[in-house]
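Structure first, commentary second.
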Amino acid sequence: MKKLFLLLLLFAFSCNSGQDSESAIDNFEFSTFNILLNDTTNLFSKNLTKNNLIEKIGKFNIVDSKEWIEEGTIQINISKIYPNTDKELTIYWTDDNKLKSIQLNNPNSKWSFNNLMVGMTLDEIEKINSTNFNFYGFGWDEGGKIFDWNNGKFSDFQNGLKVYLLLNFDELTESDIEKLSGDGITLNSNDIILKKEKVIIDKIEVMF
């Protein structure tokens, strides 16, 4: 009888310990929502692995899926943390569950990369970059992608930082749409037509 009582006591203790551990992880608070691209001490750096992430925020805050990229030729593993909240972040993994890239595309997200956030306007981006920048015309696979930061603050991250802009075509004339669309078109953030329209960041992706 004593042995049974001890076993029940140990079982109850282990359950409570597990619940306390899960509660602690569930209440995990990030020290910052601004990811610095050269900061290797940050949780979201090139050193991150899938196991590190699970240990830090808990498996129950992570939703895994797969996605086809490169025109449907490659399948890649994806995790979303805190989906459908302002802490949502999309993470792409290598085949051995090491960090490949991080993507921001939630306009309600708290996250930023070196202070760049989804929803920012051309003027706000220029202010952080310290100068104007060049990007591709809209309406194709690479449409709206910034390809030249013009020696601004983000020039050092040219190969690892992908920023895509979004333009509301509904308020444009057909003539303006022709000027701003197509894979042979390059644009500058100082363009008078663009300054009159609300062009914003649609998606940010950082490669590690």
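A short reminder: the numbers here are calculations on the coordinates, not readings from a lab. Because the structure is predicted, anything quoted here is derived from the model rather than measured. Ideal geometry is used to build each Cβ from the backbone, glycine not excepted, and the neighbour counts take in all protein chains shown.
Quick one: dipole size for segment 114-208, taken about the Cα centre, charges +1 on Lys/Arg Cβ and -1 on Asp/Glu Cβ, in debye to the nearest 20.
Working: 9 positive and 17 negative charges, 75 e Å.
It works out to roughly 360 debye.
Highest GNM mean-square fluctuation among 118, 63, 163, for the chain modelled with Cα contacts below 10 Å: 63. Considering only the Cα atoms of segment 69-181, their convex hull presents on average a projected area of 8.8 nm². Per-residue 3J(HN,Hα) values for segment 172-181, derived from phi via the Karplus relation 6.51 cos²θ - 1.76 cosθ + 1.60 with θ = phi - 60°, read 9, 7, 4, 5, 5, 4, 4, 5, 9, 10 Hz in sequence order (x marks Gly and Pro). Residues whose amide H falls under 5 Å from that of residue 48, counting only those 5 or more places apart or on a different chain, are 99, with hydrogens built in the peptide plane. Residues considered: 178, 71, 126. Largest GNM mean-square fluctuation over the chain, using C-alpha springs under 10 Å, is found at 71. Rounded to the nearest 10 degrees, the inclination of helix 2-26 to the longest alpha-carbon principal axis of the chain is 10 degrees.
Using 0.36 nm per residue, how much length does the chain from residue 74 to residue 196 gain when fully extended, once their Cα-Cα distance is taken away? Kindly include the intermediate steps, with their values, before the conclusion.
Details: separation 122, 0.36 × 122 = 43.92 nm, distance 3.96 nm.
My answer for the length gained is 40.0 nm.
Compared with the direct C-alpha span, the chain from residue 38 to residue 64 gains 6.7 nm at full extension, assuming 0.36 nm per residue.
Of the residues 57, 192, 76, the one that moves most in a GNM of the chain with alpha-carbon contacts below 10 Å is 192. Scanning residues 5 or more positions from residue 165 or on other chains, those with amide H under 5 Å from its amide H are 145, 146, 202, with H placed 1.01 Å from N in the peptide plane.
Suppose we keep just the DSSP beta bridges with both residues in the chain; what percent of those would be antiparallel, to 5? Bridges in the chain are about 90 percent antiparallel. Applying 1/(1 + (r/R0)^6) with R0 = 41 Å to the Cβ-Cβ distance of residue 85 and residue 171 gives a FRET efficiency near 0.85.
Using 0.36 nm times the number of residues separating residue 183 and residue 52, minus their current alpha carbon distance, what extension gain do you get? Please list the in-between numbers first.
Working: separation 131, 0.36 × 131 = 47.16 nm, distance 4.01 nm.
Extra length available between residue 183 and residue 52 comes to 43.2 nm.
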